[in-house]
Amino acid sequence: MRILINHLTRMHGARICLAGVDLQTRRHVRPMLGPEAVPFYLLARYGGPFDMARIIDLGSPRPAPEPPHVEDHIFVASRAKFERAAAAHEFWSLLDDLRSPSLREIFGEDLRDVGRSRYATPLGLGTTSLGCLRPAGPPELYLTPGRDGKQQIRMRFSDGRINVDAGVTDLRLFNDDHATADTARVRALAQRIADGQDVILSVGLTRKFRVADDTPYFHWLQVNNVHLKEEPVWQLG
């Protein structure tokens, strides 16, 4: 299976989450190591195969769907081979082909408003967890203090029907510790978006998470990556 990476996000600890598009079926695939996400040292910057806009041969991964994360596939790390980086026009063309104008079209009717412009699906519900959205207008990328005292990256955006305020987990917007926001890069990207550059968002649903012990688990809508037409192939390096 050959995939083109278009989702690359941070997770807590030494793990990252990544996904790409199967170049044969045009469906999203999320490589997983058993129940575990991918360790950070499989990134290209540490000698591994993975980075944004790279074509990777995963060998023959085994589907392991668990709604809403139906894209999960178990692969063997040693069999994942970097083939080549996609050209800018090739990568943007793929994003443009996959983009949807509607969050409901991507995630279905299980996606619901859970307050304060946050959206999520109930535990274990949904038929997909990954997609590409063309927002109805320029999104607003911003920084806000988090509960841990670190700057949190968030985005306000709309598909014309649903107005969302969601967390942003784009790995390229964090420092090398994968935990601290690169504030200068966030502000520079926010300005480029505000200047009217064409944007497609890689969006996704989290693993189960609850904000407090007395609240239910949800799969939260988040912005996985921000793609600009003027610079679609933006890699960690």
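Phi angles across the stretch 211-223 convert, under the Karplus curve 6.51 cos²θ - 1.76 cosθ + 1.60 with θ = phi - 60°, into 3J(HN,Hα) values of 7, 7, 5, 9, 10, x, 6, 9, 9, 7, 6, 9, 8 Hz, Gly and Pro given as x. Residues whose amide H falls under 5 Å from that of HIS73, counting only those 5 or more places apart or on a different chain, are ARG30, MET32, ALA64, with hydrogens built in the peptide plane.
Residues whose amide H comes within less than 5 Å of that of ALA136, counting only those at least five positions distant or on another chain, are SER158, ASP159, GLY160 (H built at 1.01 Å from N in the peptide plane). Evaluated at q = 0.14, 0.30, 0.31 Å⁻¹, the base-10 log of the normalised Debye intensity for the stretch 114-170, with identical point scatterers placed on the Cα atoms, takes the values -0.47, -1.29, -1.30.
Between the residues PHE82, PRO232, ALA53, the greatest Cα displacement towards the positive end of the dipole of the chain, with unit charges on the Cβ of Lys, Arg, Asp and Glu, is found for PHE82. Cross-link partners of LYS208 among lysines, defined as those whose alpha carbon lies under 28 angstrom from its own and excluding same-chain residues fewer than eight positions apart: LYS150. Residues whose amide H falls under 5 Å from that of ILE16, counting only those 5 or more places apart or on a different chain, are VAL38, PHE40, with hydrogens built in the peptide plane. Spin-label model, GLN235/GLN152: points 7 Å from Cα along the beta carbon direction are separated by 3.3 nm.
Charges were assigned to the Cβ only: +1 to each Lys and Arg, -1 to each Asp and Glu. The resulting dipole of the chain about its Cα centre is roughly 200 debye. If you wrap the Cα atoms of the chain in a convex hull and average its projected area over all directions, you get 12.0 nm². Within the listed set PRO61, PRO145, PRO31, the residue fluctuating most in the Gaussian network model of the chain (springs between alpha-carbon atoms under 10 angstrom) is PRO145.
By other beta-carbon atoms within 10 Å, ranking TYR142, TYR119 with the fewest at the front produces TYR142, TYR119. Please build a GNM for the chain, connecting alpha carbons under 10 Å apart, and tell me which residue among THR121, THR169, THR180 fluctuates the most. Judging by the Gaussian network model, the answer is THR180.
Taking the Cα centre of the stretch 84-136 as origin and assigning +1 to Lys and Arg Cβ atoms and -1 to Asp and Glu Cβ atoms, the resulting dipole is close to 220 debye. Between LYS81 and ARG207, take the C-beta separation as r, use R0 = 45 Å, and let me know the FRET efficiency to the nearest 0.05. Calculated transfer efficiency: 0.95. Working ranking of peptides 6-18, 63-75 by packing, defined as the average number of other Cβ atoms within 10 Å per residue, highest first, is 6-18, 63-75.
Residue by residue, the stretch 111-121 carries 3J(HN,Hα) couplings of 6, 9, 6, 10, x, 6, 6, 8, 10, 7, 10 Hz when phi is fed to the Karplus relation 6.51 cos²θ - 1.76 cosθ + 1.60 (θ = phi - 60°); x denotes Gly or Pro.
Fully extending the segment from ARG2 to ARG112 would add 36.3 nm, taking 0.36 nm per residue of separation and subtracting the current Cα-Cα distance. Rounded if a/c is under 1.5, else prolate if a/b beats b/c, else oblate: with a ≥ b ≥ c from the C-alpha gyration tensor eigenvalues square-rooted, which is the stretch 99-228? The shape class here is oblate.
Each reported figure results from applying straightforward, stated rules to the coordinates on display, with no laboratory input. Only a predicted model underlies this, so the values are computations on that prediction, with no experimental measurement involved. All Cβ positions, even for glycine, are placed from backbone atoms using ideal geometry, and neighbour counts span all protein chains on display.
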